[in-house]
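Colleague: Have a look at this one.
The values are calculated or read from the model by the stated rules, or taken from the named source; none is laboratory data. These figures come from a predicted structure and were not determined experimentally. Here the Cβ positions follow ideal geometry from the backbone for every residue, glycine too, while neighbour counts run over all protein chains shown.
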Amino acid sequence: MKRNISVPMILACLFLLFAAVPSAWVLAGQDDDPGKALYDSRCKMCHGEDGKADTRAGKMMKTPDLTTGTWKHGSTLADVEKVVTEGAGKMPKFEGKLTADQIKEVSQYILKFAPSPSH
């Protein structure tokens, strides 16, 4: 039994193939840092994409700039995890909303905003 493959069928297959390839490239190029995804969904609204808190919500709530490295509640991983877990000032607590692993991941990502210590 011989099958005839039509030109529209070939074009449809090629379209699907080429539509999927760019999507795979975009997904492959995404940041694999789970802390960034959490930051983007939970923190960016106030702290901003770059951590400078230069957003409407950040300005209204006087959200601290995370890029200074000098933070009121401390700048170690444990300090940041505590603030994310318990909240501070107008910042809500994420205990019960994020797992302990997620809190650690987002805290590690937040620490990336601080300047590296000079040697």
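Colleague: Arg56 - would you say it is modelled with pLDDT of 95 or more and farther than 21 Å from Ala114 by Cα?
Modeller: In short, yes.
Colleague: State the number of residues belonging to region 79-119 that are small (Gly, Ala, Ser) and in a loop (DSSP other than H, G, I, E, B).
Modeller: 6
Colleague: Return the total of residues in region 29-55 being out of contact with any Gly (no Cβ under 7 Å at 6 or more places or on another chain), surrounded by 12 or more Cβ atoms within 10 Å (Cβ to Cβ) and part of a loop (DSSP other than H, G, I, E, B).
Modeller: Result for region 29-55: 6.
Listed here are the residues, each with its yes/no results for (1) touching a strand residue (DSSP E or B) at 6+ places or on another chain (Cβ under 9 Å); (2) at pLDDT below 95.
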site	(1), (2)
Pro22	no, yes
Gly29	no, yes
Gly51	no, no
Ile103	yes, no
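Colleague: Give me the residue from region 56-77 that is under 20 Å from the mean Cα position of the chain (by Cα) and in a helix (DSSP H, G or I) and, out of that set, surrounded by the most Cβ atoms within 10 Å (Cβ to Cβ).
Modeller: By that ranking, first place goes to Gly58.
Colleague: Kindly check whether there is at least one residue in region 79-102 that is in contact with an Asp or Glu (Cβ under 7 Å, 6 or more places away or on another chain), surrounded by 13 or more Cβ atoms within 10 Å (Cβ to Cβ) and of a type in the set (A, V, I, L, M, F, W, C).
Modeller: no
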